[in-house]
Amino acid sequence: MMLRRVVLGLVIALASFGAVGAAGVWALSGGLYGCTSEDEELGRTLMGLSVLREHPEGALPQGEPSKGCDEDDRFVTAWQTYRAAGSREAVEALYRTAAAADGWRPTASGQCYEKQVAGVTAYLSVGYTADWDEAAAPDEYGVEVIAGLGGTDWCE
């Protein structure tokens, strides 16, 4: 009877150690879900980039700059939306100039710009909301910077 209790205790202990060990391996291999304090700090850094405050004369900011973190993939985004006063060509020209002046380089695809921010590659894009949301005002556009601690390429 005593031997049976000892054996049962050992089996339970080994199973517990195995479960804890498997959980540790899972966590260390990136299995943890959700955004971290590092992601939050990266978001604050992205929101502080001057390019989010650049806009053509007469363009009106729509609210305050915002940031977010995708909990599945841990990429961080900071953005600002504007109502443009001029043409799309004028808006695009302004951001081409502003991006170059601030050290952003066009990506190989030419769809956005990239530069190192806080030790990771960040991607800058400008797009009109009406291009993907029929209900949006035709002159509303957004400036977005996205970066991930995992190093994903967002513009190719």
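The values are calculated or read from the model by the stated rules, or taken from the named source; none is laboratory data. Keep in mind it's a predicted model, so treat the numbers as computed, not measured. For neighbour counting, all protein chains shown are included, and Cβ atoms are generated from backbone atoms with ideal geometry for every residue, glycine included. Please note that ligands, DNA and RNA were not included when accessible areas were found on the heavy atoms of the full protein model with its side chains. Shrake-Rupley method; radii C 1.70, N 1.55, O 1.52, S 1.80 Å.
General observations
- For the range 128-144, the criterion of being in contact with a Leu (Cβ under 9 Å, 6 or more places away or on another chain), in contact (Cβ under 8 Å) with a residue 60 or more places away in the chain and crowded, with 17+ Cβ neighbours inside 10 Å is met by at least one residue.
- Number of residues in the range 126-146 that are modelled with pLDDT under 95 and over 16 Å from PRO61 (Cα atoms): the value is 6.
- Close pairs from the range 111-122: first open to solvent by 70 Å² or more (accessible area, probe 1.4 Å), partner β-branched (Val, Ile, Thr) and outside any strand (DSSP E or B), Cβ under 9 Å, at least 6 apart: ALA118/THR45
- Looking only at the range 78-97, and only at residues there that are in contact with a Ser or Thr (Cβ under 8 Å, 6 or more places away or on another chain) and either open to solvent by less than 70 Å² (accessible area, probe 1.4 Å) or in a loop (DSSP other than H, G, I, E, B) (or both), the one that is nearest to GLN116 (Cα to Cα): ALA78
- Every residue from the range 100-120 that is assigned to a loop (DSSP other than H, G, I, E, B), among the small types (Gly, Ala, Ser) and closer than 12 Å to SER50 by Cβ: GLY103
- Some residue of the range 62-77 being open to solvent by less than 20 Å² (accessible area, probe 1.4 Å), within 23 Å of THR36 (Cα to Cα) and in contact with a Leu (Cβ under 7 Å, 6 or more places away or on another chain): yes
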